[in-house]
Every structure is written in C-alpha cells, then in structure tokens.
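Step one of this worksheet: look at the structure below.
Read-outs: derived from the displayed coordinates by stated rules, not from any lab. Remember, predicted model here, so these are calculated numbers, not experimental data. Using ideal geometry, Cβ is built from the backbone for each residue, glycine included, and neighbour counts are taken over all protein chains shown.
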Amino acid sequence: MNEKDTEKMLKELGDKIEINQEHKNELRKAFEVQRKPKPIGFKRYMAAACIALLIFTAAFSLLLAPLNQVQADNIRVQNYRTFIELNSKIDLSVAEHNGVMYIPNIEQGIYKHDGKEQTKIYSGRVSLVKISPDGKRLAFYQEGAIGILDLTTLESRLVLVSDSKIAYETPAWFGNNAILATKIMIQDINAAGVEFAPEIIKLEFKDMKQIRLTEGSYPSYVENKNALLYQKGDFITILDLDNNKEKIIDQGMHPAVSPDGKAIAYTKLSIMYEEISEKVKIEKVLQNIWVADGRDYDRKTMITTNIILEDIDKEEWLKNLQPSEELQMLSLSGRYSYQFPAWSKDSKVLYALRRDFTNNRAVVVKIELGKEPQDAKTVVERYLQSIMLKDEDYQSGLTAVQSKALDELKQRTITSYKVFNEGNEKSTAFIDVELKFASNGSSAESARLRFFLNDETGQYYIVDMKELK
C-alpha cells in the first residue's frame, strides 16, 4: 500500500465515521439514564446497574470466510472491534438475528437496532435476551423473572417468576416452542446466608409444565445432536439427551453453541505461576474467550487476547516482603474480563461483554471469524489504521503486550504509512514501516519502525517495536 492509497483509504474511512457519528448521537439520546437504578435480584446480581449509554463506533468492514467445515482449532479472527459501549457495571447479553441486534437496557427495556435506526420494543429492567431460532420471539431475564416477547405483535408475558424460595435466570431456547432456564432452590442453611443449588429445567409452552433435565446453569440446546450444553461447577459440560451421558468439554463459564451446532464458545481462566522462591510466588490470571469444535471437543482455540494488569509494582512488593514460613503470593489479574459470548444467526460472528479494569469501561465486542489467519503485514497495517482512527479497542485486539514504545506511538498523529520490508529476526516475524506524522514542532515528522510479531497461537499479534536508524 503506497502513501496515496493510504490517504484515499483514510478519507473513505473518515466518511464512514461521519455516518456512524449520527447513529452515535441518536443512541446517546435513546439510552440516557433518567434515574439512579435500584439493586435487583439476588446476591449474584447485586452488581447489576444501569446502562448509561450505547454507542456504535466506527471500525473496519471485512468480508468473512465461511465457517462451513472449518474445525475450531483452524478458526481465526478476521476482525475485532467495539460494537457497543456500556458505562456501568452490568450483567448483559445481546442477541442477533440476520443482522438485527436486540440490546437490553436495564433502565429502560429492550431496543432493536437494524443498522439504520434503533427502536424501543419493550419497557422493563432487562439484562439478558435470547432470540428464538426462527427469529420471531425473544426470551428475556427481568428482575428474577423470565419473559417472552413476540417480535411481530410486541406482546409479552412472564412465564417463570421467582419467589422467596425459587429463582429463575439465564433463559435459552429449546427449538421454537420451549425454553430452558436455570432454576435455583434457595434453602436457609444458617443466619449467614443461603445455599444455591442450580438445576436446568425445560418449559414447554403447550402445557407450561417444567421438566428437570440436570444440575447446572447457563444452558444452551444443541439441536443437531439433541444435546444440552451447560456450565456445571467450573466445567463446560454436554449431556446427550438420548442416552443421558455427560461429557466434559473444558474448564470454563458462559457456554454458547453456534446456531449451526459446529462450534461452542465459552470464557476460560488461565492461571500461571512465577516462582520467586519456595515460599514466594506470583500468580497471573487471564480470562479469554475460547471456541471448541462442536464435532471434536478436543479441538479448541483461544480467540481473544489479554494482558496482565500491572497495577501493583512487583519489585516494590518483593522489596517489602517480610520473612515467613508461610507461602506469600502476589496475585495479578488480566486487564480485561470477558462474559456472555453470543453467536450471530449465521454462526460467523461472536458478540461478548468485555470490561477494561484500567478504567472500568465495559463494551460489547464484535469478533468476526473465518478460516484464514491474518498475515503479519495485514496485522501491522490494521494496527496503524486503528491509530489513525483513534480506535483503542481495535488496537487492543492486535497486541499481546504492554509496551512503552507502542503507547508513545499511539499518541502521535499518523498521516501516512508505507510498508517497505518484512522478514524474520531471531525466528520472530517483523514488518518494517515508514511513517509520516503531523507536525507538532517538537517531534520528528517521519520515522522508520520495525514491528515484531508472534504467532504462537496461530494468529499474529504485535509484541514489540523499535526505531530503525
């Protein structure tokens, strides 16, 4: 890509931003908070609060490779961007059907967005929505109750209502005429609290009878296998409803099966330990989204990135340690948390809630999947384009480390770039780029930079950068 092509591309992208800015302003008006929210539900939902606003942000538009016959460990991220911004602490799950998004707002209700305009279709304190396979109805969670909304008539009814002894949550569809839900029996065990014993039930609309299926939570029906996918303790589990046999897929949370049944998305914690001495360790905990193959559960791949949030000075902590015979451990978590992955109708896109702990900013990310990974040059070019567009969320999906050099680059105004070399240095891929910057009177107006990339996971990520002389 030469400088002229780059400038042309930026003008086109700039035009798109103007259009999206109008949607942003409309959405800001639609989702303004009118009052301070009250706590809802039981203890596990006390963190839920109002959605201050939803903002559709500009990013890049790419064609997707079809996922048919693609095994999970061959799935690659084709595009990653922020789709909705949420300025609050919430439990949230969105839904999509044939390009139409259904977005819950815990202060106001449910909104429908077709890419051109948003329409309020239900009033109520809703935090989770799931769409039926035929796209005609929504199941939703609202303050301890589960309801059904007809998307043609916009008529609604509550079908499962919690009381002092039973709580219902996390609805999902079982075909078009029944739903699944997590049922929690609340039993007093002592004055200190309550005991939660979750189980999954099926509710048939024809007779409204509940059928207990198994213990667990976060159910999802796998239609092509007549199987039930769910979370059981700390494990993603699948139950064959024909022979009642269970199989553990992986450790994880929040499982969701794709509409075509060929992939299973879930969140998973990875824990690593750095041993300083026998009695001193540093624990590093990262959460990411994984996808397992719906036909071969041993084939799985991580599709998001995360980095350790260094909010505690490790060296200072070690310096201040006192001698002890007890194990002393510093626990460091990731910068991001991921929750509630949800598939698009065509099984090519995942949506998920991501929270950034550096600023407590919550967004819904849109992850477009395909077969072929991006090559190193494409990753660098998209990274530079995201700096030009000031899209920090897109940048975070292309880097795997915190780097002072990269942080400083993001503060500059890039006017054009040109890739002039690529290769390998000590078995690490690199891309050489010549950049031009807007003049600020104190910094150089051009630079030649080398970006280093790692592809250990099968997908290239930027891991370092240096200036070339």
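Odds and ends about this structure:
- With Cα atoms as the point set, the radius of gyration and Dmax of the range 90-219 evaluate to 15.3, 53 Å.
- 25 Å Cα-Cα threshold exceeded, pairs from 300/345; 268/404; 418/466; 116/300: 268/404; 116/300
- Here the label points at residue 296 and residue 425, each 7 Å from Cα along the C-beta direction, are separated by 3.8 nm in the simple model.
- 5 angstrom amide H check on residue 280, placed H, neighbours 5+ away: 328
- A P(r) calculated from all alpha carbon pairs of the range 374-469, with 10 Å bins opening at zero, reads 16, 54, 27, 3, 0 percent.
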